[in-house]
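Visitor: A single structure is presented below for examination.
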Amino acid sequence: MRAGRSGRGAADASRDMTLDIVSYGRRGPGGTLRLGADQIAQIQRTVGRTPEVMVKVSGGGRDVGGVEAHLRYIGRRGKLPIETDEGLAPQGRGAAKEITADWQLELCRSQYKPKPVLEQKDTRAKLVHNIVLSMPAGTPPERVLAAARVFARENFALQYRYAMVLHTDQPHPHVHLVVKCEHEFEPGQRLYIRKDTLRQWREQFAALMREQGVAANATPRQVRGQTRKPYRDAIHHRLRALRAFGQLPPSDRTGHRPPKTSTFMRAKLESLLQALRSGRGAVDDGKEKMRNTRAEVVTDWHATAEALRSQGEADLAARVDHFVARMPDVLSEAQRLAERWREQTTRRPPDREDAQSPGTRDR
């Protein structure tokens, strides 16, 4: 029998289910669900709303120029040191070129595939993966960096070259991690990141943050009762800029150029408005599937609460019941946008509402 921490090891290693709460509970010989100490601790963190870690892949360069551009971006054009897997910290405007040359990206197999023409999908293999490790606002940045160092060392050291930078310019401290896709000693072996890999990495990073003395958790959003998917980085940054501009006093807006609207969200909103006007469309698309998922999650939570009661954890079982009762209603993204649109339409002054037709409003 071999016991080890969930999530440790190579990215393609088999998953250890000992920290999964829902759907993976093992039943004993008598058919009764038994929860281990690690599972009970995970349940306590989840129902207690312990801050969730974020691990995501934000993209990846498909040519040397793209990799250098991203390294320059995360290094703030030479203002921030870039830590590498060799313990070095190159700094300055030439750091990005120095790293890509050391990684010998020009020798990667996919480097010399033809670049796609305009409006064609880029099918070239990535040279690097761009990964972000993030914690909520208020987390000590130095502890995020310390956990990220261990995370990178345990997953990629002596296999895939990597470099990282800590960013503290936003409320939530985060580390940008750039990992070479091709194995250092076996060129035919590549680093593939799947959904299960990301889930494993989240659990691992949360455990490393707890080792740093920071409360951290990693559970799927469906288990927490969340139905909203996060936007991609480009959309998120555009919406954040629009919100920041909208919060400026009217006197300050005259001196600032309005940020560009999100073309993705504009197209989504126009499609939604057309569906609302015509009475036909996909406002409720996906809601049935979301309801089924919620029903499965609630069923599993109820089974978890019963198992806790049978093990003498009545207080925690009551907290689980309260947690499930307070889950928000299931709403699709289209329904959420429609509700927000109706709220803003009722708040808008009549003269402004008459001056602008629904098809030309920007959000």
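The values are calculated or read from the model by the stated rules, or taken from the named source; none is laboratory data. As the structure is a computational prediction, the values presented were derived from the model and not from experiment. Cβ placement follows ideal geometry from the backbone for every residue including glycine, while neighbour counts extend to all protein chains displayed. With ligands, DNA and RNA removed, areas are computed over all heavy atoms of the protein, side chains included. Shrake-Rupley method; radii C 1.70, N 1.55, O 1.52, S 1.80 Å.
Visitor: Any idea which of LEU198, LEU177 is of a type outside the set (Ser, Thr, Tyr) and either surrounded by fewer than 23 Cβ atoms within 10 Å (Cβ to Cβ) or over 28 Å from ARG77 (Cα atoms) (or both)?
Guide: Just one listed residue meets the conditions, LEU198.
Visitor: Test of understanding: among ARG153, ARG240, which residue is closer than 29 Å to ARG76 by Cα, open to solvent by 20 Å² or more (accessible area, probe 1.4 Å), of a type in the set (D, E, K, R) and modelled with pLDDT under 95?
Guide: Working: ARG153 fails: modelled with pLDDT under 95.
Only one candidate qualifies: ARG240.
Visitor: Any idea which residue in the stretch 105-119 is farthest from the chain's Cα centre (by Cα), counting only those that are open to solvent by 100 Å² or more (accessible area, probe 1.4 Å) and within 21 Å of PHE156 (Cβ to Cβ)?
Guide: Restricting to residues being open to solvent by 100 Å² or more (accessible area, probe 1.4 Å) and within 21 Å of PHE156 (Cβ to Cβ), the top hit is LEU107.
Visitor: A further question follows. Specify which of the listed residues (GLY138, GLY188) is farther than 30 Å from THR219 by Cα and of a type in the set (Gly, Ala, Ser).
Guide: It is GLY188.
Visitor: Please return the ranges of helices (runs of 4 or more DSSP H) entirely within the stretch 300-363 where 1 or more residues are surrounded by 14 or more Cβ atoms within 10 Å (Cβ to Cβ) and modelled with pLDDT of 95 or more.
Guide: 314-325
Visitor: Restricted to the stretch 45-65, and to residues that are of a type in the set (Gly, Ala, Ser) and closer than 30 Å to PRO220 by Cβ, which residue is surrounded by the fewest Cβ atoms within 10 Å (Cβ to Cβ)?
Guide: GLY48
Visitor: Could I ask something else about it? Six or more apart or on different chains, Cβ under 9 Å: which pairs go from a residue in the stretch 42-59 that's within 30 Å of LYS180 (Cβ to Cβ) to one that's of a type in the set (Asp, Glu) and open to solvent by less than 50 Å² (accessible area, probe 1.4 Å)? Could you list them?
Guide: Between residues of the stretch 42-59 that are within 30 Å of LYS180 (Cβ to Cβ) and residues that are of a type in the set (Asp, Glu) and open to solvent by less than 50 Å² (accessible area, probe 1.4 Å), the close pairs are VAL53/GLU203; LYS56/ASP233; SER58/ASP233; GLY59/ASP233.
Visitor: While we're on this one: Of a type outside the set (Gly, Ala, Ser) and either modelled with pLDDT of 95 or more or more than 26 Å from ARG62 (Cβ to Cβ) (or both), is that true of THR197?
Guide: yes
Visitor: Considering each residue of the stretch 66-91, count those that are over 14 Å from ARG161 (Cβ atoms), charged (D, E, K, R) and open to solvent by 40 Å² or more (accessible area, probe 1.4 Å), and give that number.
Guide: 4
Visitor: When the stretch 153-169 is examined, which residues are found to be in contact with a helix residue (DSSP H, G or I) (Cβ under 7 Å, 6 or more places away or on another chain) and of a type in the set (Lys, Arg)?
Guide: ARG161
Visitor: Then there is this: Against the condition touching a residue at least 24 places away in the same chain (Cβ under 8 Å), in a loop (DSSP other than H, G, I, E, B) and surrounded by fewer than 18 Cβ atoms within 10 Å (Cβ to Cβ), how does ARG124 come out, does it pass?
Guide: Considered against the rule, which asks whether it is touching a residue at least 24 places away in the same chain (Cβ under 8 Å), in a loop (DSSP other than H, G, I, E, B) and surrounded by fewer than 18 Cβ atoms within 10 Å (Cβ to Cβ), ARG124 comes out as yes.
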